[in-house]
Each structure stands twice: as structure tokens, then as C-alpha cells.
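Let me begin by presenting the structure, written as C-alpha cells, before commenting on it.
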Amino acid sequence: MPSTDAWWRDAVIYQIYPRSFADGNGDGMGDLPGITARLPRLRELGIDAVWLSPFYVSPQHDAGYDVADYRDVDPRFGTLGDADKLITEAHDLGLKVIVDLVPNHTSSEHAWFRAALAAPPGSPERDRYIFRDEPPNSWQSVFGGPAWQQVEDGQWYLHLFDVSQPDLNWDHPEVRAEFLDILRFWLDRGVDGFRVDVAHGLVKDAELTDWTQPSVVLGGLEPAGTPPPMWDQEGVHEIYRQWRSVLDGYSPPRILVAEAWVQPEERLARYVRPDEMHQAFNFPYLEAPWTPAELREVIDSSLAATGAVGATTTWVLSNHDVVRHASRLGFPVTEKRKPGIGIGDPQPDTGLGLRRARAASLLMLGLPGSAYLYQGEELGLPEHTTLADEVRQDPAWERSGHAERGRDGCRVPIPWEADAPSYGFGPGDHSWLPQPAVWAEYALDRQVDVPGSTYELYRSALRLRRERGLGAGSLAWTGSAESVLAFRNGDLLVLTNFGPEPVALPDGVRVLLSSEPLDDGRVPTDVTVWAVP
Ligand code: GLC
């Protein structure tokens with residue numbers, strides 16, 4: 001359980017993707033009762049909090065990141081009563097609950113957008129969105145294709161994502177007031193915080209200045225320098241200061257977590273200044289290649305940037321938008337690839353990927369700060385890399401003209417029981433995305449109490465992390481060979497060997513945990529060790 005009032009500073013927060021975590025009613029789609037029933041398993045794993053991706057009323061054109069009603073639960077996932085029950089049971093288990101807030105855009109089925117379409121150009125209804133008589137620029141949608149869509153009477157509206165996700169006009173006082181109210185709605189229901197979707201996108205530059213480069217936001221950071229006109233504008237910070245003042249009226253403390261694809265780290269740290277958000281996802285860390293030099297650099301710059309504003313650093317390796325790290329790390333270290341993997345694409349080396357993923361996770365959990373886990377990574381789950389293109393649902397697949405496979409491969413329902421239909425995902429025998437045949441070997445019931453399993457590695461790491469207060473600790477690099485990353489957090493030595501030859505540990509240390517068996521007391525390649533004097 002988190003130790004202090006500032007519980008988020010060292011918390012391990014587990015991302016639940018509601019569609020794919022647990023299906024309570026057997027319809028093939030995960031739901032809130034399914035999640036609630038399995039919360040005790042997360043308690044056993046040893047996390048502090050869960051973050052749930054959106055479960056609100058939505059036509060699901062972007063898996064729920066297209067919200068039609070922010071104050072109700074989509075019937076696919078349950079009811080408001082189910083959400084209340086989930087929050088209560090999580091709290092009873094000592095787990096905090098963070099929900100997703102999607103303020104950059106609504107669904108095109110939201111009452112406001114319907115009203116905007118029904119009203120004439122120039123009407124107050126249209127002013128809640130970004131309508132123009134002509135596209136004022138050639139901005140591209142993040143999912144591919146133009147970011148402007150024409151409506152029947154000839155006007156155009158802005159959608160940085162799918163055409164079904166019109167961007168809101170954050171200069172409009174009603175938009176601002178509405179989201180303050182939505183925050184209070186969920187705070188009053190007891191949630192412990194919000195993950196703020198596309199936090200760097202709400203405010204666009206006033207002139208909607210042209211920008212001809214692709215609008216990269218997922219799986220790729222904008223080149224450092226002047227932010228493009230749609231991202232990271234100064235005006236977003238005022239919004240978060242206002243939100244913070246609302247959250248500060250609640251006790252115990254509630255948090256805001258920024259999903260902001262912003263670099264360099266100093267710019268990202270501006271989102272977590274003392275009167276703004278509490279945390280921001282550390283995507284530069286997620287994107288760092290598997291080399292000691294680059295990891296050391298990003299760890300140092302992350303700690304320095306957040307330290308300078310008094311915030312905690314976060315670490316993350318996987319989420320619902322990127323290739324799972326057990327597969328990502330199974331490619332040659334320096335290779336740059338498009339997001340998504342499918343039939344016909346180069347396939348990762350699964351054994352190498354898992355080996356490195358275990359080492360990467362143990363390295364991450366030894367760092368001071370807060371860590372985010374994505375459901376299934378504790379099972380060593382790889383990406384589904386051979387999904388048939390016909391079943392793909394990510395709008396990026398169609399909108400990119402099939403140039404990008406999209407993110408479905410990391411969203412496949414997770415396996416709980418090796419021998420049950422849908423691997424225990426639910427009582428039914430199917431799931432909204434098909435699970436690959438190899439899923440059985442990753443199922444939770446094949447790993448619990450099995451020494452050396454990835455699940456037990458995570459469980460041990462989380463227990464030791466808590467016992468030793470690693471999240472609240474600090475990092476001191478120790479001298480090591482170039483191919484090794486080694487630091488102390490308190491008296492714990494965390495050492496990862498990236499080189500081809502096994503390396504010796506300092507004399508007399510006692511090994512507490514190791515991502516793979518040692519080689520005659522030495523640390524083999526792509527292995528992390530935790531040791532004490
Ligand atoms: C965020 C979400 C992603 C979604 C996008 C649009 O990046 O993580 O899944 O598609 O925002 O809401």
C-alpha cells in the first residue's frame with residue numbers, strides 16, 4: 001500500500017485496458033464486473049493503483065477514446081453502479097483508481113457535436129468545436145489523412161485523430177466549465193485521479209499556422225525545438241492549473257497524469273510544475289533503445305528535469321499504443337520500424353525479446369520514482385504479431401491507407417487460464433480480437449508459484465521494491481564497464497549487462513533477484529540483477 005499522503009510519488013500503477021482484461025458476461029468484450037472480480041489478483045501481484053482506459057459511452061471508433069457521454073458507462077462495459085462497485089472494492093483492497101479523461105476531442109456522437117451539425121455555420125453550437133469555411137492549413141491527422149473534414153453545408157471541422165473525434169475549442173468558456181464539472185463528477189464518485197489523454201493538444205496556436213510535416217504523436221516524439229502549432233502550446237498550462245485547484249479541494253490527494261508526447265524532458269517537466277499535474281508519462285524512456293549509453297542518458301535527463309520542478313519521475317515500457325516491450329526488444333537494437341506488426345512484416349525474436357523485457361522491467365522497477373505497468377507485461381506477454389488484417393480495428397490501419405498496421409496487436413485480451421476457452425478471459429469462447437495459440441503458455445495459472453516465471457519475477461520485484469522503499473529512494477551510478485549499466489538505490493545494487501560476455505558482480509554481494517539464472521555467479525548478456533552487500 002502507498003506509504004504517504006503523496007502516494008503517487010513512488011506508486012506502481014497498473015494499466016487496465018477494459019476491453020481486454022476480463023470479460024464478466026461472456027460476450028467477448030471485457031467489462032467492469034470482470035475487472036472487479038479480478039482485483040484481488042492485482043493485489044497479489046503487489047501494485048498500488050490501477051489506471052483504467054476509457055469505459056464511457058462511446059461508439060468505439062477509437063476503442064473508447066471517442067467519448068459520447070463523459071458521465072456514464074458504455075453498456076458494453078457495464079453501468080455506473082458497476083463503476084461505483086469497482087472503485088469501492090479497489091479501495092477495500094488498498095488499491096487506488098485512476099480513470100482516463102479525454103478532453104482534446106469528443107466523439108462525433110456527443111450531444112454537443114450533434115447540436116453543432118444541426119446548427120448553421122457561425123452558430124454558438126459550432127463554436128464549441130473548430131469549424132472553418134475552408135481548411136486554414138494542411139494539418140494531417142495523427143491516424144493518417146487530412147485533419148479537416150467537410151460537413152454537408154460546406155464548412156470544415158478539425159480532427160487531429162479520427163474523423164469521428166472532432167477537436168474541442170478550448171477557448172470556449174463552456175468547454176472549460178464542462179470539464180471542471182466532469183472532473184468533479186468522478187472525484188465525487190471516489191476516483192483517485194485522472195490520466196489526461198493528449199494533454200499537450202488541447203490548445204492550438206491562435207493562427208492555426210500551417211504545418212506540412214506529418215503529425216506524429218503516437219510511438220514517435222516530435223523533433224525537439226519549437227513545438228508544432230497543434231502541440232504543446234503555452235495555453236495548455238493554464239487549464240491544468242485550474243484543474244489542479246479543483247483536485248486540491250479533495251482529500252486524500254487526487255492526481256493528474258499527463259499523456260504528453262513532448263520533448264525534451266525539460267518541456268515535459270513543465271506539465272508537472274507544483275501547481276499543475278502530478279505526473280507525466282516518460283515516453284522518452286519508453287522510446288530509448290536497448291543500449292546502456294542511451295538508457296543512462298535518458299534516466300539522468302528524466303531525473304534532472306523532474307527534480308528541477310520538484311516532481312516525481314515516472315517510468316514506463318508498454319501501453320495500449322505501442323508494441324509490447326517483450327516484442328519491441330526482440331528486434332535489432334538500432335532498427336527503426338513503423339508502429340504495429342503484422343503478417344508479412346519482419347517478426348521479432350520472441351526468446352530474445354522476452355529475455356530483454358525481463359531485464360528491462362527489473363531495471364525499471366529498481367529506479368526511484370513511480371512506474372507504470374501495462375496489463376499482461378507481468379506475464380511476459382508478447383505482441384500479437386500475426387493478427388489477420390481483416391480483424392484489425394485500430395482506425396490508424398484504414399486511415400493510413402494500410403501503411404501502418406496499428407495498435408491492435410498490443411490490445412488482445414490477456415490469458416488467465418491455459419486450458420479454458422478464451423484462456424480464461426471470460427466464460428465465452430471468443431474474444432473481440434482473436435488470441436494467438438501461443439497464449440496458453442503465458443497464462444497466469446501456468447506462472448503462479450512457478451519459480452523463475454515472469455509473473456513471479458514481477459511479484460518478487462514489487463515486494464522488494466516496497467520493502468526497501470526503492471520508489472522513494474535515489475540513484476547513484478557505480479563505475480562499470482561500458483557495456484554495463486549499474487547503480488545503487490540505497491544499498492541495493494541494480495546491474496544490467498548489455499555486452500556479449502558474462503560480467504562478474506562485486507565481491508561479496510548477495511543476489512536477491514535476477515531476471516535469468518546467473519552463469520557461474522556471473523551476469524550473462526541481457527540480464528539484470530538486484531544484489532545487496
Ligand atoms: C491517446 C490514446 C490513444 C488514442 C488517442 C486519441 O494517445 O492513448 O489510444 O487513440 O489519444 O484519443
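For the reader, a short list of remarks on this structure follows.
- Percentage of interatomic Cα-Cα distances in the stretch 349-458 larger than 22 Å: 40
- Across the stretch 466-473, computed HN-Hα scalar couplings (Karplus, 6.51 cos²θ - 1.76 cosθ + 1.60, θ = phi - 60°) run 5, 4, 9, x, 4, x, 9, x Hz from first to last residue, x flagging Gly and Pro.
- C-alpha long axis of helix 32-45 to longest principal axis of the chain, angle in °: 30
- Scanning residues 5 or more positions from Val503 or on other chains, those with amide H under 5 Å from its amide H are Val523, with H placed 1.01 Å from N in the peptide plane.
- In this structure, the amide hydrogen of Leu513, modeled 1.01 Å from its nitrogen in the peptide plane, lies closer than 5 angstrom to those of Trp530, counting only residues at least 5 positions away or on a different chain.
- Compared with the dominant Cα axis of the chain, that is its longest principal axis, helix 80-92 is turned about 30°.
- Coordinate range of the alpha-carbon atoms in the stretch 293-406 per principal axis, descending: 47, 31, 26 Å.
- In the stretch 256-343, the trypsin sites (Lys or Arg not before Pro) that fall in loop regions by DSSP, at most 11 other Cβ within 10 Å: Lys336
- Fraction of antiparallel bridges per DSSP, the chain only, in percent to nearest 5: 55
- Tilt relative to the chain, helix 173-188 - C-alpha long axis, 0 to 90 degrees, to 10: 40
- Carbon and sulfur %, accessible surface of the chain computed with the full protein complex present, 1.4 Å: 51
- Packing rank of 234-245, 41-52, 375-386, where each peptide gets the mean count of other beta carbons within 10 Å, highest leading: 375-386, 41-52, 234-245
- Translational diffusion of the stretch 475-532 was estimated from the Stokes-Einstein equation, with Rh taken as the Kirkwood radius over Cα pairs; at 20 °C and 1.002 mPa s the coefficient is 192 µm²/s.
- The eigenvalues of the Cα gyration tensor, multiplied by 5 and square-rooted, give the stretch 28-169 an equivalent ellipsoid with semi-axes of 37, 15, 12 Å from largest to smallest.
- Based on the Stokes-Einstein relation at 20 °C and a viscosity of 1.002 mPa s, and on the Kirkwood radius from alpha carbon pairs, the stretch 111-158 is assigned a translational diffusion coefficient of 193 µm²/s.
- Normalised by 2.2 N^0.38 Å, with N the number of residues, the alpha-carbon radius of gyration of the chain equals 0.95.
The values are calculated or read from the model by the stated rules, or taken from the named source; none is laboratory data. Because the structure is predicted, anything quoted here is derived from the model rather than measured. Every residue, glycine as well, gets a Cβ built from its backbone with ideal geometry; the counts of neighbours run over all protein chains shown. Ligands, DNA and RNA are excluded from the accessible area calculation, which covers all protein heavy atoms including side chains. Shrake-Rupley method; radii C 1.70, N 1.55, O 1.52, S 1.80 Å.
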